[in-house]
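The values are calculated or read from the model by the stated rules, or taken from the named source; none is laboratory data. Everything numeric here is computed off the predicted structure, so don't read it as measured data. Glycine also receives a Cβ, built like all others from the backbone with ideal geometry; neighbour counts cover every protein chain displayed.
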């Protein structure tokens, strides 16, 4: 069975940057399970997996635009400390859920200068090409319920 739209796909992966540093890996843990064709993983990886079968292993480099997007300078913003009302201690690297240009997202504090806080609405991996070592573990038809909900139902799914 090959990876195609509306298939439940299980993979093991190791994600590295161009310097060869491991950013994330499922190896030694449960595989990543996703519904193919529904945008549940980055588009470049989803495209690379299309047509693969269980047991296949491959390596693919994904351009930033097909991963977490290009880095966008206009997503840097300086805001007043008072915008963080109720938070006593602010530190570089702290992340907060906020409305960003494309709806709900995460912003990261990247600089603090007195009462001026610089936040970055880019994904931490924006602008970074990514390399995946992938092993396709299982490919199966998704259930109608999974297709309707747009994701795979596994342990802990409450609907």
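Assorted remarks:
- Considering region 18-36, the residues that are touching a strand residue (DSSP E or B) at 6+ places or on another chain (Cβ under 6 Å) and either in a loop (DSSP other than H, G, I, E, B) or not assigned by TED's automatic domain parsing to the domain that holds residue 60 (or both) include one that is nearest to residue 138 (Cα to Cα), namely 31.
- Residue within region 69-76 that is touching a residue at least 40 places away in the same chain (Cβ under 8 Å), over 24 Å from residue 6 (Cα atoms) and assigned to a strand (DSSP E or B) present: yes
- Search result, residues across region 77-99 that are touching a helix residue (DSSP H, G or I) at 6+ places or on another chain (Cβ under 7 Å) and either assigned to a helix (DSSP H, G or I) or surrounded by 15 or more Cβ atoms within 10 Å (Cβ to Cβ) (or both): none
- Among (1) under 30 Å from residue 5 (Cβ atoms); (2) under 20 Å from the mean Cα position of the chain (by Cα); (3) modelled with pLDDT of 95 or more - the single one residue 138 does not satisfy: (2)
- Given (1) at pLDDT below 90; (2) more than 30 Å from residue 85 (Cβ to Cβ); (3) in contact with a helix residue (DSSP H, G or I) (Cβ under 8 Å, 6 or more places away or on another chain), number of the condition residue 157 does not satisfy: (3)
- Among the residues listed as 104, 124, the single one being outside any strand (DSSP E or B) and either free of Cβ contacts under 8 Å to residues at least 60 places away in the same chain or within 30 Å of residue 60 (Cα to Cα) (or both): 124
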